[in-house]
Amino acid sequence: MENTYVIWDEETSEAAVVDPGMSDANEEQEFISFIKEKNLKLKYQINTHCHIDHILGVAFVKEKYDPVYLIPEEDLLLFENAETQGQMFGVAVNKLPKPDKFLSENENIILGNESIVNLFTPGHSPGEFSLYAEESNFCITGDVLFKEGIGRTDLLGGDYETLINSIRSKLFTLPDEVVIYPGHGDDSTIGYEKLHNPFLV
């Protein structure tokens with residue numbers, strides 16, 4: 001169970017898919033139908049990080065829509081060992097397309113009139129990014145921050161102290177009303193997590 005997000009600018013219909021985890025034909029068809037129904041122009045495909053459950057749909061999306069594909073550079077080792085990751089969990093992985101660009105804090109992602117800020121938030125993986133849409137008041141936090149939880153740090157490249165520092169220095173400095181959309185589970189807000197997240201209160 002992994003959350004795939006589609007974000008878009010209402011005026012221009014420019015869109016991005018974040019962490020495409022579709023793993024079978026039914027999920028792929030659901031995605032195709034959604035893009036068609038909303039009449040979206042898929043401009044970007046973005047991985048917050050490169051663990052296996054977040055990249056299963058990457059090859060399908062790239063082949064179908066050919067968006068600009070961005071990943072964290074520090075997650076290249078995970079990306080290049082996707083097949084090994086899959087074997088660990090008994091999951092077959094299609095051959096991945098090469099990324100077109102790396103995510104950077106020095107460059108925002110532009111969707112029409114919306115500017116998405118890339119926040120470097122490592123700890124769950126070596127290179128993970130969170131994606132903050134200031135105007136629309138949300139942040140996609142990948143597997144860094146969950147509702148009443150945090151990302152695991154026992155996988156390759158994970159580090160607990162680094163993760164906690166990422167949350168406190170990058171995410172908890174956002175306004176309390178910012179909605180967070182994590183890689184798994186339900187949405188929450190920054191303010192709620194400051195008060196109720198057992199790992200951070």
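Results, tabulated for the structure shown:
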| read-out | value |
| --- | --- |
| Candidates 90, 112 - the one that is farther than 15 Å from residue 50 by Cα and at pLDDT below 95 | 90 |
| Residue within the stretch 160-183 that is farther than 30 Å from residue 81 by Cα, aliphatic (A, V, I, L, M) and in contact with a helix residue (DSSP H, G or I) (Cβ under 7 Å, 6 or more places away or on another chain) present | yes |
| Of all residues in the stretch 1-25 being of a type in the set (A, V, I, L, M, F, W, C) and surrounded by fewer than 20 Cβ atoms within 10 Å (Cβ to Cβ), the one that is nearest to residue 131 (Cα to Cα) | 6 |
| Residue within the stretch 26-33 that is over 19 Å from residue 129 (Cβ atoms), in contact with a Gly (Cβ under 7 Å, 6 or more places away or on another chain), surrounded by fewer than 20 Cβ atoms within 10 Å (Cβ to Cβ) and of a type in the set (Val, Ile, Thr) present | no |
| Test: residue in the stretch 87-102 that is surrounded by 15 or more Cβ atoms within 10 Å (Cβ to Cβ) and part of a strand (DSSP E or B) | yes |
| Selection count, the stretch 87-144, where residues are acidic (Asp, Glu) and either under 12 Å from the mean Cα position of the chain (by Cα) or within 22 Å of residue 62 (Cβ to Cβ) (or both) | 4 |
| Selection count where residues are of a type outside the set (Val, Ile, Thr) and either without any contact (Cβ under 8 Å) to a residue 40 or more places away in the chain or surrounded by fewer than 16 Cβ atoms within 10 Å (Cβ to Cβ) (or both), scope the stretch 57-80 | 13 |
| Residue check, residue 93 aliphatic (A, V, I, L, M) and either in contact (Cβ under 8 Å) with a residue 60 or more places away in the chain or closer than 24 Å to residue 34 by Cβ (or both) | yes |
| Residue among 116, 164, 109 that alone is farther than 17 Å from residue 19 by Cβ, surrounded by 15 or more Cβ atoms within 10 Å (Cβ to Cβ) and of a type in the set (Val, Ile, Thr) | 164 |
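The values are calculated or read from the model by the stated rules, or taken from the named source; none is laboratory data. Keep in mind the model is a prediction, meaning the values are calculated, not measured. For neighbour counting, all protein chains shown are included, and Cβ atoms are generated from backbone atoms with ideal geometry for every residue, glycine included.
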